[in-house]
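Undergrad: Quick one: the structure is below, questions incoming.
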Amino acid sequence: MKCQHLLVTGGAGFIGSNFVRQVLANNEDVRITNLDALTYCATLTSLADVAKEHGPDGSGRYIFVEGDIRDGELITRLLEDDSNGRIDAILNFAAWSHVDRAILNPLEFVDTNVTGTAVLLDCARKAFEGRFDETRFLQVSTDEVYGALQADDPEFTETTLLEPNSPYSASKAGAEQLVRSYNRTFGLPVLTTRCSNNYGPYQFPEKLIPLIISRAMADKPLPVYGDGKNIRDWLHVEDHCQAIWRVLNDGRVGEIYNIGGNSEVYNIDMVKKILAILDKPESLITFVTDRLGHDLRYAVNISKIENELGWTPSVDLDTGLTDTVRWYTDNTEWWFPLLGESETTMKKLYTGNKG
Ligand SMILES: NC(=O)c1ccc[n+]([C@@H]2O[C@H](COP(=O)([O-])OP(=O)(O)OC[C@H]3O[C@@H](n4cnc5c(N)ncnc54)[C@H](O)[C@@H]3O)[C@@H](O)[C@H]2O)c1
């Protein structure tokens, strides 16, 4: 089936804004309602071009609603509004997503990531009743729900036991269990994706890659946790968005799909790659006390989505990283205004004040 009116939650964040832009550009018959609470990491400037081209004064296929996924009344109103064709799919990107912040304030993560998902599911169950054949609920989750791998362990598959280690990953795992339960108990047509680390344009400058780019550009010390030997698998955000679109429309209801880039890199090597692209010295690297409960390695086996849905990552890491660094150097007006908040958290983390 092809979903045509999407409720995207968290669409003013990093992945959600890339998804909104990509789907509207590639599908002339799709409309999107973007619901976002505009937390510290969200900015509508990420979608200013989209709002101009597709908002009420443009193609009319995009509207933004400021609001919270925990607000059941608002969600129900949006789902029952048929003035512009009823919403037939919910994609839940909204979450508190930064592991370091989850260490500072775990309950905030439980509140939005678990309770918020529960509210959305319950509104969907009621609004989609009688239309389960024509509706979908897609939960955007993370490979971090699996916990950590040792260096030589095989990659996570969709049947690997969930052993989340941080309040962030535990809250995402909790949300996933609710998603599963709404399918098994009520028949809600759900799908879940578990993706590895994303990089690309419009990522808030507290996450590793934009943090390193923004600080290196200013010749500031680059904090690297522990010995830098943690391993992450990296996927370009546009590949992630294409995978989500494929799962939404062609995935089997009730199933979980891993999404990844087959690009495992030590954190320290990622920092060195960025320094090389920017032509900055490695002497900027400063090792800092390791993150509490820092997972050593994540890596996902993606054969299920490759074999069933024919999706495979298309952006090679070195090319995607070079393009991303160029995007940040060319778009300082997007991220400069966001730096204050990111610096405040950094100070709390790297002065030993774990809150
Ligand atoms: N970034 C990654 O590498 C990655 C990898 C795998 C999965 N994910 C998942 O993808 C999703 C999006 O991640 P991201 O990196 O774009 O995160 P982000 O932090 O950039 O964006 C999250 C968005 O959710 C919004 N939001 C937060 N609480 C809300 C609430 N209560 N109601 C409505 N909106 C709210 C924020 O304002 C923000 O716009 C998350 O669910 C995350 O767990 C991220």
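Undergrad: Taking the 0 to 90 degree range and rounding to the nearest ten, how far is the long axis of helix 237-250 tilted relative to the main principal axis of the chain, both from C-alpha atoms?
TA: 20 degrees
Undergrad: Right, something else. Can you tell me what share of the DSSP beta bridges in the chain is antiparallel? A percent to the nearest 5 is fine.
TA: Percent antiparallel among DSSP bridges in the chain is about 10.
Undergrad: Could you tell me which of the pairs Lys172/Lys304; Lys229/Lys280; Lys207/Lys304 are separated by over 24 angstrom between their Cα atoms in the structure shown?
TA: With Cα atoms farther than 24 Å apart: Lys207/Lys304.
Undergrad: Per DSSP H run of n ≥ 4, the term is -39500 (n - 2.57); total these for the chain, divide by its residue number, and report the mean residue ellipticity at 222 nm rounded to 500 deg cm²/dmol.
TA: -12000 deg cm²/dmol, from helical runs alone.
Undergrad: Magnitude of the Cβ-charge dipole of segment 173-291, K/R +1 and D/E -1, about the Cα centre, nearest 20 debye?
TA: Dipole size: approximately 240 debye.
Undergrad: Provide the gained length on full extension for the span Asn84 to Thr332, in nm with one decimal, where the gain is 0.36 nm per separating residue minus the Cα-Cα distance.
TA: Working it through step by step, the gained length comes to 85.6 nm.
Undergrad: In Å, what Rg and Dmax follow from the Cα atoms of segment 167-218?
TA: 16.8, 53
Undergrad: Can I ask one more? What whole number of Å gives the distance from the Cα centroid of segment 1-27 to the Cα centroid of segment 263-303?
TA: 29 Å
Undergrad: To make sure I understand the rule: partners must be aspartates and glutamates, Cα under 19 Å from the Cα of Lys52, and not fewer than 8 residues away in the same chain. Which ones qualify?
TA: Filter leaves Glu28, Asp29, Asp36, Glu66, Glu333.
Undergrad: Let me know the longest stretch in the chain that avoids all trypsin sites (Lys or Arg not before Pro) found in a DSSP loop with at most 14 other C-beta atoms within 10 Å.
TA: Looking at the chain, 3-130 is the longest stretch - no exposed trypsin sites (Lys or Arg not before Pro) with at most 14 other Cβ atoms within 10 Å.
Undergrad: Which value, in debye to the nearest 20, describes the size of the charge dipole of the chain about its Cα centre when Lys and Arg Cβ atoms bear +1, Asp and Glu Cβ atoms bear -1, and nothing else is charged?
TA: In total the dipole reaches around 440 debye.
Undergrad: Continuing with this model, one more query. For the pair Asp29/Val253, report the inter-label distance in nm, with labels modelled 7 Å from Cα in the Cβ direction.
TA: 2.0 nm
Undergrad: Which whole-Hz ³J(HN,Hα) couplings does segment 331-340 yield from phi under the Karplus relation 6.51 cos²θ - 1.76 cosθ + 1.60, θ = phi - 60°, glycine and proline marked x?
TA: Once θ is set to phi - 60°, the couplings for segment 331-340 become 10, 4, 5, 6, 9, 3, x, 8, 5, x Hz.
Undergrad: Would you kindly calculate the translational diffusion coefficient of the chain, applying Stokes-Einstein with the Kirkwood radius from alpha carbon pairs, for 4 °C and a viscosity of 1.567 mPa s, and quote it in µm² s⁻¹ without decimals?
TA: 63 µm²/s
Undergrad: Okay, moving on. Can you give me the angle between helix 208-217 and the longest principal axis of the chain, using Cα atoms only, in degrees from 0 to 90, rounded to the nearest 10?
TA: That helix lies at roughly 50 degrees to the long axis.
Undergrad: Taking amide H positions as placed 1.01 Å from N in the peptide plane, with prolines and chain starts having none, which residues 5 or more places from Asn230, or on another chain, fall under 5 Å of its amide H?
TA: For Asn230, whose amide H was placed from the backbone, the distant partners under 5 Å are Asn267, Ile268.
Bear in mind these aren't lab numbers, they're just calculated from the coordinates by the rules spelled out. Treat the numbers as computed from the prediction; the structure is a model and nothing was measured. Because the Cβ atoms are built from the backbone with ideal geometry, glycine has one as well, and the counts that use them run over all protein chains shown.
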